[in-house]
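The values are calculated or read from the model by the stated rules, or taken from the named source; none is laboratory data. Note that the coordinates shown come from a computational prediction; the quantities given were computed from them, not determined experimentally. When we count neighbours, we look across all protein chains shown, and the Cβ atoms used for this are built from the backbone with ideal geometry, even at glycine.
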Amino acid sequence: MPIPRMSKIWMDGELVDWDDARIHVLTPSLHYGWAVFEGIRAYATDRGPAIFQHRAHIERLFTSAQVLTMEIPYSPDELMEATRELCRVNGQDSYYIRPLAYLGYGEMGLNPIPSQVRVMIAVWPWGAYLGDEGFTTGVRAKISSWQRMSPNVIPTGTKASGVYVNSSLAKVEAVRAGYDEAILLNAQGRVAEGTGENVFIVSDGVIVTPPTTEGVLRGVTREAVMDFARDADLPLVEAPLLRHDLYTADEAFFTGTAAEIVPIRAVDDRVIGPPGPITKQLRAIFTSVVRGREPKYDHMLDYVTQH
Ligand code: PMP
């Protein structure tokens, strides 16, 4: 689906018209994938749009930049205020938010150090990433023939743009084979994650997700779901998983900003079943939190009009 056109995009401190947010074709990040980004969502609440876990996402952007030796020429607070302003000026109830720090036009070559770091933030409404019916019926996943890259190949704990060629290859393979999403195994053959989602299973009443040492992204939704589970006294462990564990799980689900919480109904055609009770419970908590209906978790929301 094409990106809906909004009014403004934030580029290096300025609000520019949507159609004027352009860069030169010799922008080095376009050639070598040396850029870092975030995916964030703002949800409609009774108090206007609210950005879910805003600071956690912006902190991860700076962590990714730190690992890639990029110095972002703005503070986290400046980028957060720029994002809130963008949400206000574009006048929608809810948004997907995409900040990107990249190497600007000027230098070329594999050494990123001489290049100037530039930042852009764009926002637009974006519906259910894995389809609306995914929430109710669950999605079908396929173990990818592409392996999740190891942390010494590329820093898998970052949202570096180049990392996503790996995710996209897996996504293309899965979609062409008729599945909704891919699950990648790591170099050790254990379960890593989806192409843009962390993976959880429920087995004998225990929620299990691979630890970040398995080479998975420290998902903001993953961490929020872990908080919700602990607060609801649902047993949860971070432990390595085999594909066998996916095939034999009582429940399984993906978490991610774009996807949100999506039940997995089958992996490689081994049926797990319709969304189970724990998946539904966590999804219900999440939905209520992002709509601003859980005072206990209100600290997870940044209301764009209250600054
Ligand atoms: N894993 C990967 C590879 C991702 O790209 C994402 C999306 N950022 C996630 C997991 C989920 O992370 P989050 O919940 O922070 O969106």
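Which of (1) over 30 Å from Thr27 (Cβ atoms); (2) surrounded by 22 or more Cβ atoms within 10 Å (Cβ to Cβ); (3) hydroxyl-bearing (Ser, Thr, Tyr) is the odd one out, the single condition Thr158 does not satisfy? Status for Thr158: all satisfied but (1).
In segment 62-70 there is at least one residue matching the filter, namely being among the β-branched types (Val, Ile, Thr), more than 16 Å from the ligand (Cβ to nearest atom) and under 20 Å from Gly157 (Cβ atoms). Taking segment 83-97 as the search range and keeping residues that are touching a residue at least 60 places away in the same chain (Cβ under 8 Å) and more than 13 Å from Asp302 (Cα to Cα), which one is surrounded by the most Cβ atoms within 10 Å (Cβ to Cβ)? It comes out as Leu86. Considering segment 31-80 alone, what residues qualify as being free of Cβ contacts under 8 Å to residues at least 60 places away in the same chain and not in a loop (DSSP other than H, G, I, E, B)? Those that are free of Cβ contacts under 8 Å to residues at least 60 places away in the same chain and not in a loop (DSSP other than H, G, I, E, B): Ile58, Glu59, Phe62, Ala65, Gln66, Pro76, Asp77, Glu78, Leu79.
Quick one: in segment 131-155, of everything that is surrounded by 14 or more Cβ atoms within 10 Å (Cβ to Cβ) and without any contact (Cβ under 8 Å) to a residue 40 or more places away in the chain, which residue is farthest from Asp245 (Cα to Cα)? Looking at residues that are surrounded by 14 or more Cβ atoms within 10 Å (Cβ to Cβ) and without any contact (Cβ under 8 Å) to a residue 40 or more places away in the chain, I get Ile154. Residue pairs whose Cβ atoms lie under 6 Å apart, separated by 6 or more positions or on different chains, with the first residue in segment 210-222 and within 15 Å of Gln147 (Cα to Cα) and the second among the β-branched types (Val, Ile, Thr) and near the ligand (Cβ under 10 Å from one of its atoms), are Gly215/Thr156.
With the requirement that a residue be under 17 Å from Val208 (Cα atoms), of a type in the set (Val, Ile, Thr) and part of a loop (DSSP other than H, G, I, E, B), what does segment 272-307 give you? Once the filter is applied, which keeps residues that are under 17 Å from Val208 (Cα atoms), of a type in the set (Val, Ile, Thr) and part of a loop (DSSP other than H, G, I, E, B), segment 272-307 yields only Ile272.
Lys171 falls short on exactly one of the conditions (1) under 30 Å from Asp233 (Cα atoms); (2) within 12 Å of the ligand (Cβ to nearest atom); (3) of a type outside the set (S, T, N, Q), and that condition is (1). Can you spot a residue in segment 267-274 that is in contact (Cβ under 8 Å) with a residue 12 or more places away in the chain, surrounded by 20 or more Cβ atoms within 10 Å (Cβ to Cβ) and in the same structural domain as Val216 (by TED's automatic domain parsing)? There is at least one residue in segment 267-274 that is in contact (Cβ under 8 Å) with a residue 12 or more places away in the chain, surrounded by 20 or more Cβ atoms within 10 Å (Cβ to Cβ) and in the same structural domain as Val216 (by TED's automatic domain parsing).
So is Ile51 surrounded by fewer than 18 Cβ atoms within 10 Å (Cβ to Cβ), among the β-branched types (Val, Ile, Thr) and within 21 Å of the chain's Cα centre (by Cα) or not? Answer is no for this residue. Scan segment 211-259 for residues that are in a helix (DSSP H, G or I) and of a type outside the set (S, T, N, Q) and report the count. Within segment 211-259, residues that are in a helix (DSSP H, G or I) and of a type outside the set (S, T, N, Q) number 17. A single entry from Val271, Val304 fulfils the requirement of being away from the ligand (no atom under 16 Å from the Cβ) and either among the acidic types (Asp, Glu) or under 21 Å from the mean Cα position of the chain (by Cα) (or both): Val304.
Mind listing whichever residues of segment 260-271 are assigned to a loop (DSSP other than H, G, I, E, B) and in contact with a helix residue (DSSP H, G or I) (Cβ under 8 Å, 6 or more places away or on another chain)? Can you show your working first?
Let us first name the residues in segment 260-271 that are assigned to a loop (DSSP other than H, G, I, E, B), namely 268-269.
Correct list: Asp268 only.
Among the residues of segment 13-38, the one identified as under 23 Å from the mean Cα position of the chain (by Cα), of a type in the set (A, V, I, L, M) and farther than 27 Å from Arg84 by Cβ is Leu30. One residue stands out among those in segment 176-189 that are under 20 Å from the mean Cα position of the chain (by Cα) and over 20 Å from Pro275 (Cα atoms): the one that is nearest to the ligand (Cβ to nearest atom), which is Leu184.
Could we say that Pro49 is over 22 Å from Trp124 (Cβ atoms), more than 16 Å from the ligand (Cβ to nearest atom), at pLDDT 95 or above and not assigned by TED's automatic domain parsing to the domain that holds Val220 here? Here the answer is no, as Pro49 does not meet what is asked. Scanning segment 190-208 for residues that are crowded, with 20+ Cβ neighbours inside 10 Å and either in a loop (DSSP other than H, G, I, E, B) or within 11 Å of the ligand (Cβ to nearest atom) (or both) turns up Ala192, Glu193, Gly194, Thr195, Gly196, Glu197, Asn198, Val199.
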